[in-house]
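Read-outs throughout are calculated quantities, based only on the coordinates presented, and are distinct from any laboratory measurement. All values derive from a computational prediction rather than experimental measurement. Every residue, glycine as well, gets a Cβ built from its backbone with ideal geometry; the counts of neighbours run over all protein chains shown.
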Amino acid sequence: MKSKVVAILETRTGEHLGELIARRGGVPMLAPALEEIPEVDATTVTSLLESWRSQPFKLAIFQTGVGTRALFQAADSLGATDELLRSLAATTVAVRGPKPTGELNARRVRIDLKAASPFTTDTVLEAIAGIALDRAPVMVQRYGATNQRLRDALEARGAMVREIATYRWGLPADLGPLHRLLDALTEARVDAVVFTSAVQVQNLYAVAAMQGRSETLAGLLHGLLIASIGPVCTRELLAHGIKPTLEANPPKLGPLVTALDAALSAP
């Protein structure tokens with residue numbers, strides 16, 4: 001990567017991503033753009049299990065690993081894990097990608113349906129297309145915000161959707177790294193920016209708006225190498241007038257870093 005400065009907005013695996021870039025000769029600039037704030041509690045789990053008893057869910061959709069883990073941890077704290085597992089055993093279980101799959105496998109939960117790569121809302125809907133949902137209760141493990149496209153599609157098929165919010169996305173408590181990134185962009189000291197979620201795009205714009213820079217942000221990013229983890233992230237970038245230079249295929253860190261390395265090392 002020839003000493004190119006690569007801005008990283010990822011939080012949870014940001015340091016690991018930075019190490020991968022540094023090994024290839026790049027200079028990582030860590031600017032975490034979101035914070036996952038736990039939101040599941042005893043009341044939520046108790047209410048969920050009560051609903052499951054009175055009107056069992058026909059389908060349960062798990063979208064993220066961290067959210068799936070948080071739900072089980074909350075059930076553990078209540079001593080309700082066995083009931084949750086029994087309820088899932090009588091329900092069709094669908095997963096969005098490898099991370100919730102790993103969490104469910106760890107709990108020995110049978111998985112009936114898996115979304116295909118690149119693990120988008122569209123591939124989730126394709127995976128569950130054969131399930132009759134008219135007037136069927138459906139549980140959706142929500143990620144940091146409502147997946148409105150998924151909810152709308154389920155309800156259009158007649159499903160009664162119950163979302164379980166296990167965490168929400170917020171701005172990081174420390175905005176200093178994002179402020180420094182915006183300064184570096186203004187001073188043309190960044191060669192590439194890596195986006196690994198759509199929310200990072202939204203939050204970067206939110207912080208830029210705090211400084212009165214949101215209207216110029218797309219212009220600052222124009223001409224830089226913009227790397228997107230996958231189609232959902234790409235759609236958000238395009239919605240803000242930013243065309244990604246590359247998109248990882250499949251949408252994982254390894255292919256993302258490989259494509260980034262090739263693009264930054266090209267003559």
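Of the trypsin sites (Lys or Arg not before Pro) in region 179-221, the ones in a loop by DSSP (not H, G, I, E or B) with at most 14 other beta carbons within 10 Å are Arg189. Each label point was placed 7 Å from the Cα along the Cα-to-Cβ direction; for Asn249 and Asp152 their separation is 2.7 nm. What the Cβ-Cβ distance of Arg24 and Arg86 gives, at R0 = 51 Å and to the nearest 0.05, is a FRET efficiency of 0.60. When both region 213-267 and region 1-75 are represented by their alpha-carbon centers, they are found 20 Å apart. Read through the labelled values (i) 262; (ii) 128; (iii) 120 and report the label of the one computed as volume of the Cα convex hull per residue in Å³ from the structure. Answer by label: (ii). Taking every alpha-carbon pair under 8 Å whose residues sit at least 6 apart, region 37-169 reaches a relative contact order of 31 percent. Its relative contact order, with pairs defined as Cα atoms under 8 Å and 6+ residues apart, puts the chain at 22 percent. Rounded to the nearest 20 debye, the dipole magnitude of the chain is 540 debye, with +1 charges on Lys and Arg beta carbons, -1 on Asp and Glu beta carbons, and the Cα centre as origin. Only Lys, Arg, Asp and Glu carry charge here, each on its Cβ (+1 for the first two, -1 for the last two); on that basis region 37-169 has a dipole of about 200 debye about its Cα centre.
Taking every DSSP beta bridge that has both ends in region 37-169, the antiparallel portion is near 10%.
Label zone (Ser214, point 7 Å along Cα-to-C-beta; backbone nitrogen cut-off 20 Å) within region 133-174: 145-146, 169-174.
Of all beta bridges DSSP finds with both residues in the chain, what is the antiparallel percent, to the nearest 5?
Bridges in the chain are about 10 percent antiparallel.
Each of Arg110 and Glu187 was given a label point 7 Å from its Cα along the Cα-to-Cβ line. The distance between the two points is 6.0 nm.
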